[in-house]
Amino acid sequence: MSLKVCDYGSILARLLVDWSPDDPTSELLEVESAIARLSERSRELREQINAKNPFLSFPAEIISEISMMACSPVYTASEPDDFVTSWQPTTPFNLGKICRNWRHTVWASPRCWNTIFLDLQRNAETYHVQVALLEGWLSRSGDLPLSIHLDEWEDDPEEWARNPPIEVFDLLAKYSHRWLHVSTFLVYPCWQQLEKFSLPLLTSLAVGPPGNIHPAGGSSRQRQISDAPLLRNVYMTVYSGEIFIPGLIWHQLTHLTLESIVWRDCLDILSACARNLVHCALPDLKPQFAFGATLAAFTLPCLSSFSAACPQSTEAYSPVLTILDRITAPLLSRMQLQFDGVSGTEPLMAVRHFLSRSSCSLCELSLNLVQYTRQNEPSLIALLSVTEKLEKLELICKVEGISDLVLDHLNPARPQRLPQHLPAAQILLPNLRDLYYNGRMQFELGTLVDMIKMRYRMAEDNDEGLGLRSEENFNRVARPAVFNINIVDVPPSQRVSLSASAETLRRLTKEHGCISLSFSDEMGNDLSLVD
C-alpha cells in the first residue's frame, strides 16, 4: 500500500519496502523519526481544522459554562428523594476528549468536578484505577461543596463486606468538611469512619447496604453521627443488625425516607424528629409483632407530604395503618398510600379516621388498593367525603376496579335513584381538577362519560384558565385540568361495549383535550378506539 499522507510518507514507504536486515539500527531510527514527524504534522493539521470550527474555538468562559451544565446532575424524582435518584449525563473526562483547548479549560474548572458519580467495582485492577481517578477528580474540585453518589457494581454484594472499600472512604474523608449531598452504600468498618467525620456543610445524606446483605455478627449495632449541624434530609435503608441513628440531630430533619424498617422503629424515629419534619416517605414498611407498652400517639405539626407502602404484607392489619393510628398531621396536603394483602373496608376507614382526626386540608391523594373490591366502595366514598379541598386523586385498583357507584358519586349531578352514601346536596370532591385511574372496568362507559361531561358543564370557570370552587358557590365544581383514565385487563366480553362507545369516547377526548382514555387487554396490548 502506498503512503501519500505527506512527504514523510514516501520516506516511510521506502524504508518499509527497502528493509535491510544487515543494518537495522540506523533504519529503525530513521523510521522512528519519520513517525514522529508524521505525528507532529497530524497534530498541526488537527489544530488547523479545529481553528475553523467555531464550536472548538469558544472562549474559555463559554466552554467552562457549557461543561458545567453538561456535568450537572439530572433529577428524576421530586423531593425529598431527588438527590438519591439523580444521574449525570456526561463526565468531565468525556468533555476533555473534544480537543486540547477544551481539555485545558475543563481541567481548570472546579465546577465540573464537584459532582461525583462512581459505581465501584471490586475487581482489583478496576478498583485501583477508580481510586486513582477519584483522587484526581477531587483534586480538581477546588474549594467547592461536593455532591457524592457512590454506588456498587458487584454480582455478589457480600464481597464488599469481606473486602470493604477502605481506600475510597479514606480518600473521601479528607474532604468531609466539603460534603454537601452524599448518597452511598456502607459496610463495616466504613460506618465507624462516618461517625468520626466532621460534616459542617452536609445537608443531604442517603445510606444503605450494598444489595441486600446482612452484616456479620449476631448483635445489633447502632451507628451515629452528631457533627452535622446543617443536615436536613436523610434517606436510610435499614437492614438486619444495622440501625443508623443520627445522634442528637433528629430534631433538625425536615425530609426523611426510611426503607425496609419495622413499624415500631419507624415510630420511634418519627417521634424523635416530629418537631420540624415536612416530608416523610416509608416505601417498604415491615410488619412486626407488638411487644411491650403501646406507643403513645403524637403530632407532626409541620408534616406536609406523607407516603407509605407495605408490599406483600400478609398481616391482618397493615403496618401503614399502625403508623396512621398513632400520628396526627394538621398541615398534611399530600398523601400516597399502598395497601397489599389487606382486604375488607378497614384500610379506607382507618385512613378516613386519620384525616378526620388531623383536620387537614388534603390537596393530593394517591391510593394503590391491591385488594380493592366492591365492598370497599362505601368506605372509599366516605373517605373522599372528608377531603373537600382535594384537587388531585389517583386510584389504582387492578384486582376488581371501581364500579358505577363511585363514578355516580363523583358526578356533581348524581342520579338520586341509586344507593346514596352522601347527603343529597353534597357534591363529592368539588375541587377535583386532576383524576388518574388505573384499574379494571367494572362500570358502564356511559357512566364515566356522564360524570366527565357533568363536571365540565358545572365547572365554575367556563372560560380560559383553571378555576377552583368558591366557598360561597356550592352548585359549581372546579374545572377539570387532567382526567387520565387507564383501563387494564379488558376481557373479550367487554370489548363489544367498548366498540359501541368508541365514537362517543373519541368525541369526548377531541372536545376536551385534557381527557386521556386508554384501554388494554389481559396481555397488556393496547385496544384502539379507532374503527
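The values are calculated or read from the model by the stated rules, or taken from the named source; none is laboratory data. This one's a predicted model, so the numbers in the text were calculated from it and none came from an experiment. Note that each Cβ is placed from the backbone with ideal geometry, even for glycine, and that neighbours are counted across all protein chains shown.
Numerical summary
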| read-out | value |
| --- | --- |
| Tally of residues being more than 30 Å from residue 149 (Cβ to Cβ), at pLDDT 70 or above and surrounded by 14 or more Cβ atoms within 10 Å (Cβ to Cβ) across the stretch 34-73 | 4 |
| Top-ranked residue of the stretch 474-531 - restricted to ones that are part of a loop (DSSP other than H, G, I, E, B) and more than 36 Å from the chain's Cα centre (by Cα), ranked as surrounded by the fewest Cβ atoms within 10 Å (Cβ to Cβ) | 531 |
| Out of 448, 393, sole residue that is more than 27 Å from the chain's Cα centre (by Cα) and not charged (D, E, K, R) | 448 |
| Top-ranked residue of the stretch 299-328 - restricted to ones that are small (Gly, Ala, Ser) and under 16 Å from residue 256 (Cα atoms), ranked as modelled with the lowest pLDDT | 309 |
| For residue 367: the one exception among (1) part of a strand (DSSP E or B); (2) surrounded by fewer than 17 Cβ atoms within 10 Å (Cβ to Cβ) | (2) |
| So residue 413, is it part of a loop (DSSP other than H, G, I, E, B), among the hydrophobic types (A, V, I, L, M, F, W, C) and over 31 Å from the mean Cα position of the chain (by Cα) | yes |
| Residue identified as under 19 Å from residue 355 (Cβ atoms), assigned to a strand (DSSP E or B) and free of Cβ contacts under 8 Å to residues at least 60 places away in the same chain among 380, 395, 390 | 395 |
| Residue list for the stretch 103-113, restricted to those being assigned to a helix (DSSP H, G or I) and either in contact with a helix residue (DSSP H, G or I) (Cβ under 6 Å, 6 or more places away or on another chain) or over 11 Å from residue 60 (Cα atoms) (or both) | 103, 105, 106, 107, 110, 111, 112 |
| Number of the exception - residue 362 against (1) of a type outside the set (Asp, Glu); (2) in a loop (DSSP other than H, G, I, E, B); (3) over 24 Å from residue 480 (Cβ atoms); (4) modelled with pLDDT of 95 or more | (3) |
| Any hit, the stretch 381-393, residues being polar (S, T, N, Q), touching a strand residue (DSSP E or B) at 6+ places or on another chain (Cβ under 9 Å) and surrounded by 21 or more Cβ atoms within 10 Å (Cβ to Cβ) | yes |
| Those helices (runs of 4 or more DSSP H) lying entirely in the stretch 138-252 with at least 2 residues modelled with pLDDT of 90 or more | 166-173 |
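This table checks each residue for (1) in contact (Cβ under 8 Å) with a residue 40 or more places away in the chain; (2) in contact with a Pro (Cβ under 9 Å, 6 or more places away or on another chain).
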{"site": "174", "(1), (2)": "no, no"}
{"site": "181", "(1), (2)": "yes, yes"}
{"site": "184", "(1), (2)": "no, no"}
{"site": "187", "(1), (2)": "no, yes"}
{"site": "197", "(1), (2)": "no, no"}
{"site": "200", "(1), (2)": "no, yes"}
{"site": "207", "(1), (2)": "no, no"}
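Matching residues to (1) touching a Lys or Arg at 6+ places or on another chain (Cβ under 7 Å); (2) outside the structural domain of residue 433 (by TED's automatic domain parsing); (3) modelled with pLDDT of 85 or more:
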site	(1), (2), (3)
464	no, no, no
472	no, no, no
481	yes, no, yes
503	no, no, yes
508	no, no, yes
